[in-house]
Amino acid sequence: GLQKKLSTSGRNTENLQDYVLKGPAAKAFQTPNAVLLIDEIDKAPREFPNDLLYALSHRKFVMPESGEVIEVSEENMPAIIITSNREQELPTAFKGRCVYHYIAFPEPEIMHDIVEKHFPNMNQDLQDRCISLFYQMRSIGLERAPATRELLSWIKYLKSFETAEALTRVKRVEGMGVLIKNQNDMEKIKSRLRN
């Protein structure tokens, strides 16, 4: 009666499924020929790969909010792409059911293309120097070598200056905190620059 209307703001709560937002997995299971990306699975809680393995092998899972069972037939099973940065080892049973494909870190020529996509018409000398220094840093055995996203962030920082000033800042390795996220690595780079 009145109490139920007050507690639900007058909405009809007979069918909870009307109020549950389905995430990417539920949508992929309900869309023929879908592709589902599960990015950086190694950063998920330890039990997640095993839970996912169960859902994939049975081609179903339960929406905890509503109790609805989301199922997919074998012929409509989505293609699932899972990425990992190898920060933690995935369970053997999980890896046994995956097709492994290693993507190597981009060579400098490819990195130039990546930078060009993000910063069209960038000064070529500035781009060359940034990428050269970036690969030098990656080659000296840092605990955590800078990744592409750090390079792009550093270039964004540098592009906030006129080209001549940006080139000077590259030469002095200013804004290094955008590239390097570890104090030991910072000291190692400063030591190399002094020599």
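Failed condition for Gly175, given (1) at positive phi; (2) within 18 Å of the chain's Cα centre (by Cα), with all others met?
Every listed condition holds for Gly175 apart from (2).
Just checking, which of Leu56, Leu90, Leu52 is at pLDDT 85 or above, aliphatic (A, V, I, L, M) and in contact with a Pro (Cβ under 9 Å, 6 or more places away or on another chain)?
Leu90
Which of the residues spanning the range 53-72 are loosely packed, with under 14 Cβ neighbours inside 10 Å, closer than 13 Å to Ala28 by Cβ and without any contact (Cβ under 8 Å) to a residue 40 or more places away in the chain?
Of everything in the range 53-72, just one residue is loosely packed, with under 14 Cβ neighbours inside 10 Å, closer than 13 Å to Ala28 by Cβ and without any contact (Cβ under 8 Å) to a residue 40 or more places away in the chain, namely Lys60.
Report the residue count in the range 129-169 for those that are within 21 Å of the chain's Cα centre (by Cα), under 18 Å from Ala104 (Cβ atoms) and β-branched (Val, Ile, Thr).
Number satisfying all stated conditions: 1.
Looking only at the range 34-45, which residues are surrounded by 10 or more Cβ atoms within 10 Å (Cβ to Cβ), assigned to a loop (DSSP other than H, G, I, E, B) and modelled with pLDDT under 90?
Residue satisfying the conditions is Ala44 alone.
Within the range 176-186, can one find any residue that is in the same structural domain as Gln127 (by TED's automatic domain parsing), under 12 Å from Leu126 (Cβ atoms) and small (Gly, Ala, Ser)?
No, every residue in the range 176-186 fails to be in the same structural domain as Gln127 (by TED's automatic domain parsing), under 12 Å from Leu126 (Cβ atoms) and small (Gly, Ala, Ser).
Can you name every residue in the range 142-169 that is in contact with a helix residue (DSSP H, G or I) (Cβ under 7 Å, 6 or more places away or on another chain) and loosely packed, with under 12 Cβ neighbours inside 10 Å?
Initial filter on the range 142-169 (in contact with a helix residue (DSSP H, G or I) (Cβ under 7 Å, 6 or more places away or on another chain)): 142-146, 148, 150-155, 157-159, 161, 163, 166-167, 169.
The answer is Glu143, Arg144.
I'm checking my understanding of the structure. Among residues of the range 98-132 that are outside any helix (DSSP H, G or I) and β-branched (Val, Ile, Thr), which one is farthest from Glu165 (Cα to Cα)?
Val99
Any residue in the range 143-160 that is more than 13 Å from Leu133 (Cβ to Cβ) sitting within a Cβ distance under 8 Å of a residue that is of a type in the set (Lys, Arg)? List the pairs, counting only those 6 or more apart or interchain.
Arg144/Lys181
When residues of the range 170-193 are filtered for being part of a helix (DSSP H, G or I) and in contact with a helix residue (DSSP H, G or I) (Cβ under 6 Å, 6 or more places away or on another chain), how many remain?
Adding up the residues that qualify gives 3.
Return the total of residues in the range 64-84 being within 25 Å of the chain's Cα centre (by Cα) and either at pLDDT below 85 or assigned to a strand (DSSP E or B) (or both). Even if it seems obvious, please write down each step before you answer.
Keep residues of the range 64-84 that are within 25 Å of the chain's Cα centre (by Cα), which gives 77-84.
Adding the requirement that they be either at pLDDT below 85 or assigned to a strand (DSSP E or B) (or both) leaves 79-82.
Of the residues in that region, 4 qualify.
Consider Leu151 carefully, then state whether it is modelled with pLDDT of 95 or more and either more than 24 Å from Glu40 (Cα to Cα) or hydroxyl-bearing (Ser, Thr, Tyr) (or both).
Taking the combined requirement at face value, the residue does not satisfy it.
The values are calculated or read from the model by the stated rules, or taken from the named source; none is laboratory data. Quantities reported herein were computed from a predicted structural model and do not represent experimental measurements. Backbone-built Cβ (ideal geometry, glycine too); neighbour counts: all protein chains shown.
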